[in-house]
Amino acid sequence: MYHISPEGLPELSIFMGHFDEYCHRLETWQAMENYVTGLLLPIERKNCEQMAAAIPGCHAQRLHNLLTTASWDEQAVNDKRLNLFLERFGREPGYLVFDDTGVPKKGKGSVGVTRQYSGTLGKIGNCQVIVTSQFVTPQGKSCPVDAQLYLPDEWTKDQSRCHRSHVPETTVFKTKTEMAVDLLDRAIARSLPIRAVLGDAGYGRNPDFLEAIEKRKLPYVIAVPACFSVRRVEDVQKGREELQKAQAAASPKGRPRSRLLAPAYTAQSLIEELNDTCWQTVTWREGTKGMLTKQFSYIRAY
C-alpha cells in the first residue's frame, strides 16, 4: 500500500488555498485537498477507500461526503482554476479541443457505465465516457476546461436505475456532440479567448456540430471520416451561377427552388486524386514516442 508523508504536499496546499473561499466549512476544504491529493497518487484504484488509506488523517467517509452531500460551489471553483491558468500563461487566443475520455469500470453501479467504445481502452469495453473540453495555448500549454459524463440512452430510459444512482429526474439523453455544444457555450460564456475549435472525427462526422460552431462564428479544424460527403468549391460556385441565371430568367410564378445542385464526393475520393507534390511533411513537437510528424495537404471544399 502506498502512503504519503504526514506533511502532505506543500505545493498542493498553496494551490488549494485559492479555493478555500468557495467551501462553506473547513472540513469540506480539507476533504477537497485530500481528494485532489488522492488523484495524484500512484495507486491502482482511486476510490475513496484506497485514497483515504494512503493519506494520513484522511477518512473515506469525508471523501464520500465531498462527492455527494457537501456544499461547495463547483462552478466557481472551476472558473477560479481557469483564471489562475490564464493569469499564469496569458490570455492570448488559443484552441478549444473536444475529446472523449473513457474510464474503465468493472461493475455496473457507476453512473453511465455500460459496454461502449473507449479511446482509453482502444476498443469496446465496460466503462464510463466523459466528454471533455481543453484549452491549449499557442505555446502548447494545456488546461482542462470542462467535463460532462455521457449518460447512454439505456440509462435515461431506466428510471429505477437512475434513481438508485442519484441521477436527477430532469436528466434527459444527449448525444456526445450535443454535450460538446453545451461545453462550447460554457467556454464562450466564460470569455475564454478561443482562436479555433479542434476535434476528432467522432465530432466531425456530425454536421450539426459543425453547423453549431459556424453559427457561433468560430474558426474550426475538425477531422472527418473518409466517407464524409463534401463538394468541390468550383462545383458549388458553378451551381450558384446557374441557379442565379435560372432565377433571373424565370417568371415570378415559375421561379426555381433555391437548391444548389453540386455533385457530392467522399473526402477519401478527393484525397486520392492528389499527387505526391501536393503533400507537405510537418513536424510540430516531441511526443512520448518521438517527434510528432504528419503529411498534410490543403483542399477547399464544402
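Among residues of segment 145-170 that are closer than 12 Å to VAL131 by Cα and aliphatic (A, V, I, L, M), those with a Cβ under 7 angstrom from a residue that is assigned to a helix (DSSP H, G or I) and open to solvent by less than 60 Å² (accessible area, probe 1.4 Å), sequence gap 6+ or separate chain, pair up as VAL145/LEU82; VAL145/ALA187. Taken together, the residues in segment 10-69 that are within 21 Å of PHE85 (Cα to Cα), in contact with an Asp or Glu (Cβ under 8 Å, 6 or more places away or on another chain) and not aromatic (Phe, Trp, Tyr) amount to 3. Which residues, taken from segment 34-44, are modelled with pLDDT of 85 or more and open to solvent by 30 Å² or more (accessible area, probe 1.4 Å)? Result: ASN34, TYR35, VAL36, LEU39, LEU40, PRO42.
Which residue is nearest to the chain's Cα centre (by Cα), if the candidates are limited to segment 66-79 and must be under 25 Å from ARG164 (Cβ atoms) and surrounded by fewer than 13 Cβ atoms within 10 Å (Cβ to Cβ)? Within segment 66-79, the match that is nearest to the chain's Cα centre (by Cα) is GLU74. Restricting attention to segment 265-302, the residues being farther than 27 Å from LYS238 by Cα, touching a residue at least 60 places away in the same chain (Cβ under 8 Å) and surrounded by 10 or more Cβ atoms within 10 Å (Cβ to Cβ) number 0. If you go through segment 106-113 one residue at a time, do you hit one that is part of a loop (DSSP other than H, G, I, E, B) and crowded, with 18+ Cβ neighbours inside 10 Å? Yes, there is a match, as at least one residue in segment 106-113 is part of a loop (DSSP other than H, G, I, E, B) and crowded, with 18+ Cβ neighbours inside 10 Å.
Considering LEU96, LEU63, LEU82, the condition of being surrounded by 14 or more Cβ atoms within 10 Å (Cβ to Cβ), in contact (Cβ under 8 Å) with a residue 60 or more places away in the chain and in contact with a Cys (Cβ under 8 Å, 6 or more places away or on another chain) is satisfied by LEU82 alone.
Here is a yes/no grid of residues against (1) in contact with a Phe, Trp or Tyr (Cβ under 7 Å, 6 or more places away or on another chain); (2) more than 30 Å from LEU86 (Cβ to Cβ); (3) open to solvent by 30 Å² or more (accessible area, probe 1.4 Å); (4) assigned to a loop (DSSP other than H, G, I, E, B):
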position: ASN126; (1), (2), (3), (4): no, yes, yes, no
position: ILE130; (1), (2), (3), (4): yes, no, yes, no
position: VAL145; (1), (2), (3), (4): yes, no, no, no
position: SER160; (1), (2), (3), (4): no, yes, yes, no
position: HIS163; (1), (2), (3), (4): no, yes, yes, no
position: VAL172; (1), (2), (3), (4): no, yes, yes, yes
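Note on segment 178-191: residues that are in contact (Cβ under 8 Å) with a residue 60 or more places away in the chain, within 15 Å of the chain's Cα centre (by Cα) and open to solvent by 20 Å² or more (accessible area, probe 1.4 Å) amount to 0.
The values are calculated or read from the model by the stated rules, or taken from the named source; none is laboratory data. Remember, predicted model here, so these are calculated numbers, not experimental data. When we count neighbours, we look across all protein chains shown, and the Cβ atoms used for this are built from the backbone with ideal geometry, even at glycine. Keep in mind that these areas ignore ligands, DNA and RNA; they rest on the heavy atoms of the full protein, side chains included. Shrake-Rupley method; radii C 1.70, N 1.55, O 1.52, S 1.80 Å.
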